[in-house]
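These notes concern the structure reproduced below.
The numbers here are math on the coordinates, done by the rules we state, and not lab data. As the structure is a prediction and not an experimental result, all values here were calculated from the model. Counting neighbours? That spans all protein chains shown, and the Cβs are built from the backbone with ideal geometry, glycine included.
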């Protein structure tokens, strides 16, 4: 792409001076957040960045990894650095939807009568940790759907609004382990990011042993209020995006669909179902949040490319042929990013 063509696609809207200063403040706040979390969480810098992107882009995240990789610790400590209500739901095979949303309980009134009163469940918090979400059957998993999408809960014919900011951070064990239920596609699509939590390096594991086998973990400082988070979420929405970046995000999402006209020739053999329009939306929102966290005043193509794997991986359903060849959705997304030519935008 020539500089002349690039200039022609620059976004018409620009950030105000106040927004520029706010982005600088957000970048500093994010740096402080990472340093604070480093007091208790060793490594996992990419995971922390992706969680922050979801927080400021108003998205939800699904953390996938084997037990013992500090997924639950990271989420709980993240909430500790924010002045927000936090709740943890341990998903088990016998967990019922009302255990999440709440239920009516018969109470005695001051007048001596008995009336039903709705008792709110743990979903009524700013940050909800759905721990081992795939340990519960789909009926219980679905109790989160309305809350994640509409920021409200319907229980026993009544609708209750949730307090914002609202963020669901779910952890999941690999589905090949016993006693797990794969999340339905509709549930997976509600998560902006699928964050893969990998094993630490040798040096990190040594540091984990050193820091977690001594005194109790330190209490973290609260660095941000709910009002500040809401303001930063609005700020992220105002980050400018050039036309060619919108085109790139939409084209990348469309190329995951095996029956689409733009799908590469090798894709239909490996993919049975591709990403929907929500994927392109999340690519842009995640790119906006990443740009702001990096202190950039405009979304770049590299921001979309960095968001491609966590946004698209869980939205692609591979075929038996792909599974037989040992090809997973992550590898397919990486190949699509590599082959999608940004110079043609």
Report the label-to-label distance for residue 159 and residue 107 in nanometres (one decimal), using points 7 Å from each Cα along the Cα→Cβ vector.
-> 2.3
0 to 90° range, to nearest 10: angle between helix 277-293 axis and the chain longest Cα axis | 90
Gap separating the Cα centres of region 26-105 and region 206-258, nearest whole Å = 11
With 0.36 nm assigned to each residue of separation and the Cα-Cα distance removed, residue 114 to residue 281 gains 55.3 nm
For the Cα atoms of the chain, what angle does the longest principal axis make with the long axis of helix 202-212, in degrees from 0 to 90, nearest 10?
-> 20
Could you state the angle between the C-alpha long axis of helix 301-312 and the longest principal axis of the C-alpha atoms of the chain, as a value from 0 to 90 degrees rounded to the nearest 10?
-> 50
P(r) of region 170-284 in 5 Å steps, Cα pairs, percent per bin?
-> 2, 8, 10, 11, 15, 14, 14, 12, 8, 5, 2, 0
Taking the Cβ-Cβ separation of residue 204 and residue 31 as r and a Förster radius of 35 Å, what is the calculated FRET efficiency to the nearest 0.05?
-> 0.95
Burial ordering of 219, 101, 319, 92, fewest other beta-carbon atoms within 10 Å first = 219, 92, 319, 101
The chain - mean residue ellipticity at 222 nm from DSSP helices (-39,500 (n - 2.57) per run, n ≥ 4, rounded to 500) = -12500 deg cm²/dmol
Contact order relative to length of region 71-162, as percent, for alpha carbon pairs under 8 angstrom and 6 or more apart | 31
Would you indicate which of [x] 21.9; [y] 37.7; [z] 25.1 is the value of mean projected area of the Cα convex hull in nm² derived from the coordinates of this structure?
-> [x]
Relative contact order for region 240-345, counting Cα pairs under 8 Å that sit 6 or more residues apart, in percent | 32
Difference of contour (0.36 nm per residue) and Cα-Cα distance, residue 142 to residue 234 = 30.3 nm
Could you grab the relative contact order for the chain? Cα pairs under 8 Å, six or more apart, rounded to a whole percent.
-> 22
